[in-house]
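Participant: Quick one: the structure is below, questions incoming.
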Amino acid sequence: MTAAFVLGINMAVAGIFAVAFAVLAVMNRSARGAWWLALGCGMGLVNIGLEFLLRQQTDPVPVSIGIFLVYLSALSFVLIGIARHYRAEPPWIAMTAVWLVAILLVPVVFSMTYGSPARSILYQLPYFAMQGLFGVAIWRSGRRQALDLLLIVLQAAAAIFYLLKPLFAMIVGPAASPQDYIMSTYAAISQSGTVVVLVATGLVLLLVTMRDTTAEMVARSETDPLSSVFNRRGFEHHAETALAREGDMVLIAADLDHFKQINDNFGHAAGDGVIARFAAVLADTAPAEAIVGRVGGEEFAVLLPAAHLSDGRLYAEAVRNAFAAIELPNLGIDYRVSASFGVAQWMPPESLSDLLHRADTALYRAKAGGRNRVRVALGDLSSTTTFGVA
């Protein structure tokens, strides 16, 4: 298999991935980094085109320098794309350092004897450094799922491959000249390794991008855009998952007091603002593992895992006091708004629906008792065993 044939395969693969990432970027604007990945693959196409052009050159140095810098540009764009996808800041300082070293190496490398070990090592060093930053960027993002770890391993393997290329050149012998590179055994080995790395990395990157894009789409479908907490569908899905794990849990049902009057007197924009502020208080006061959802117009529910009835009551009281103290002049509301709460301890094997019903029953008692208060339901017993905290 000649190097020219392998280069043709590389060109086709780079083109396919460039189109795939571009389509992904167009179809889903939330696919962070997809355009950069497409640009990186596109630069890979340019690089391969220059490899074919090199054979026709009388003076190979200008095109050789172009190949060197274009490929480094391709790696840089892919690195930016990976960092963007993982919601991390690209390592600009490290990237700049690699580029400065690469530019300083240009007059040194291209004045050395072609095919010499020293030239080969210096030529590959910027690639090794830039490729190594791929794995660093992914690792620093904190993502540790299987595909993320596989991608890190692939980047480490690719970085090591650049260091091994000079060794391959020493074993099989380098090309006689830059123009003869495309016909050499070393080129065939080098480009074959490149296509393996390219295909593996591209496929895993696509899988990671599709996985995370799908997760974001699911999250959006389960999130209430006004309050930024779960909608009813999302709340029920995550709450039922939590109940399936069993353990002590408490559910708090909450409802804004006299909300219709807010809409009637101050307008729906003010009402939306109140909902958003109340949801923020619920979320900010809740522990990290809590599941917070807007389950109706002005109705909310919070599931506290690993909690007892007293924990739920204290949480509800904390939210009630914090929200009742908020002034809302920016919404045009000239009085403080309050909320009422019902708290119920989960009693296995009851369903989420039954738990919500008991919490709602306690909430209705809070409303009937004067609003702006907490009522705690003790199981599904009669009202005589339900007490409230004003």
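Participant: Considering only residues that are more than 13 Å from the chain's Cα centre (by Cα) and either outside the structural domain of residue 207 (by TED's automatic domain parsing) or under 17 Å from residue 200 (Cβ atoms) (or both), which ones fall in the stretch 134-146?
Facilitator: 134, 135, 146
Table: residues versus (1) within 19 Å of residue 25 (Cβ to Cβ); (2) at pLDDT below 85; (3) assigned by TED's automatic domain parsing to the domain that holds residue 54; (4) out of contact with any Phe, Trp or Tyr (no Cβ under 9 Å at 6 or more places or on another chain).
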{"site": "179", "(1), (2), (3), (4)": "no, no, yes, yes"}
{"site": "182", "(1), (2), (3), (4)": "no, yes, yes, no"}
{"site": "190", "(1), (2), (3), (4)": "no, no, yes, no"}
{"site": "199", "(1), (2), (3), (4)": "no, no, yes, no"}
{"site": "207", "(1), (2), (3), (4)": "yes, no, yes, yes"}
{"site": "217", "(1), (2), (3), (4)": "yes, yes, yes, yes"}
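Participant: Can you pull out the strands (runs of 3 or more DSSP E) entirely within the stretch 336-390 that have at least 3 residues that are at pLDDT 90 or above? Step through it out loud before you land on a result.
Facilitator: On the way: elements: 339-345, 374-377, 387-389.
Answer list for the stretch 336-390: 339-345, 374-377.
Participant: Let me ask another. Mind listing whichever residues of the stretch 90-118 are surrounded by 11 or more Cβ atoms within 10 Å (Cβ to Cβ) and more than 16 Å from residue 72 (Cβ to Cβ)?
Facilitator: Across the stretch 90-118, the qualifying residues are 112, 114, 115, 116, 117, 118.
Participant: Further, regarding this structure: Quick one: in the stretch 12-44, which of the residues that are surrounded by fewer than 18 Cβ atoms within 10 Å (Cβ to Cβ) and closer than 19 Å to residue 75 by Cα is modelled with the lowest pLDDT? Please lay out each step first, then the result.
Facilitator: Here is the first cut: in the stretch 12-44, the ones surrounded by fewer than 18 Cβ atoms within 10 Å (Cβ to Cβ) are 12, 15-16, 19, 22-23, 26-30.
Filter again for closer than 19 Å to residue 75 by Cα, leaving 12, 15-16, 19, 22.
Working: 12: 88, 15: 91, 16: 91, 19: 93, 22: 92.
Result: 12.
Participant: Would you mind stating whether residue 145 is surrounded by 14 or more Cβ atoms within 10 Å (Cβ to Cβ) and on the phi < 0 side of the Ramachandran plot? Give the derivation first.
Facilitator: Details: surrounded by 14 or more Cβ atoms within 10 Å (Cβ to Cβ): no; on the phi < 0 side of the Ramachandran plot: yes.
No; evaluated as a whole, the condition is false for this residue.
Conditions tested, residue by residue: (1) outside any helix (DSSP H, G or I); (2) among the aliphatic types (A, V, I, L, M).
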| site | (1), (2) |
| --- | --- |
| 174 | yes, no |
| 186 | no, no |
| 200 | no, yes |
| 219 | no, yes |
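Participant: Mind checking which residues of the stretch 45-58 are assigned to a loop (DSSP other than H, G, I, E, B) and either under 17 Å from residue 79 (Cβ atoms) or among the β-branched types (Val, Ile, Thr) (or both)? Outline the logic, then answer.
Facilitator: Start the filter on the stretch 45-58 by keeping residues that are assigned to a loop (DSSP other than H, G, I, E, B), which leaves 55-58.
Result: 58, single match.
Participant: Shifting gears a bit: Which of the residues that make up the stretch 97-116 are farther than 18 Å from residue 61 by Cα and touching a helix residue (DSSP H, G or I) at 6+ places or on another chain (Cβ under 9 Å)?
Facilitator: Let us first name the residues in the stretch 97-116 that are farther than 18 Å from residue 61 by Cα, namely 97-101.
Matches in the stretch 97-116: 97, 98, 99, 101.
Participant: Exactly one condition in (1) over 30 Å from residue 44 (Cβ atoms); (2) surrounded by fewer than 18 Cβ atoms within 10 Å (Cβ to Cβ) is not met by residue 196; state its number.
Facilitator: Exception for residue 196: condition (1).
Participant: Going through the stretch 261-314 one residue at a time, which ones are charged (D, E, K, R), within 16 Å of residue 223 (Cβ to Cβ) and buried (at least 17 other Cβ atoms within 10 Å of the Cβ)? Quick ask: steps written out before the conclusion?
Facilitator: So the first thing to find is which residues in the stretch 261-314 are charged (D, E, K, R), and the list is 264, 272, 277, 284, 289, 294, 298-299, 311, 313.
Pick out the ones that are also within 16 Å of residue 223 (Cβ to Cβ) and you get 272, 294.
Listed by number, the list holds a single entry, 294.
Participant: Taking residue 5 as the residue in question, decide whether it is in contact (Cβ under 8 Å) with a residue 24 or more places away in the chain and either in a helix (DSSP H, G or I) or more than 22 Å from residue 182 (Cβ to Cβ) (or both).
Facilitator: For residue 5, the condition - in contact (Cβ under 8 Å) with a residue 24 or more places away in the chain and either in a helix (DSSP H, G or I) or more than 22 Å from residue 182 (Cβ to Cβ) (or both) - is not met.
Participant: Could you tell me which residue of the stretch 158-186 is surrounded by the most Cβ atoms within 10 Å (Cβ to Cβ), considering only residues that are farther than 18 Å from residue 74 by Cβ and of a type in the set (Gly, Ala, Ser)?
Facilitator: 169
Participant: Then there's this: Taking the condition touching a residue at least 12 places away in the same chain (Cβ under 8 Å), farther than 26 Å from residue 7 by Cα, outside any helix (DSSP H, G or I) and among the small types (Gly, Ala, Ser), does residue 137 pass?
Facilitator: Values: touching a residue at least 12 places away in the same chain (Cβ under 8 Å): yes; farther than 26 Å from residue 7 by Cα: yes; outside any helix (DSSP H, G or I): no; among the small types (Gly, Ala, Ser): yes.
For residue 137, the condition - touching a residue at least 12 places away in the same chain (Cβ under 8 Å), farther than 26 Å from residue 7 by Cα, outside any helix (DSSP H, G or I) and among the small types (Gly, Ala, Ser) - is not met.
Participant: Under the condition of being assigned to a helix (DSSP H, G or I) and of a type outside the set (A, V, I, L, M, F, W, C), which residue from the stretch 26-44 is farthest from the chain's Cα centre (by Cα)? Talk me through it step by step, then tell me what you get.
Facilitator: First pass over the stretch 26-44, keeping only residues assigned to a helix (DSSP H, G or I): 26-27, 34-44.
Those left that are additionally of a type outside the set (A, V, I, L, M, F, W, C): 40, 42, 44.
Numbers: 40: 20, 42: 24, 44: 25 Å.
Once the filter is applied, the top-ranked residue is 44.
The values are calculated or read from the model by the stated rules, or taken from the named source; none is laboratory data. None of the values given here were measured: they were computed from a predicted structure. Because the Cβ atoms are built from the backbone with ideal geometry, glycine has one as well, and the counts that use them run over all protein chains shown.
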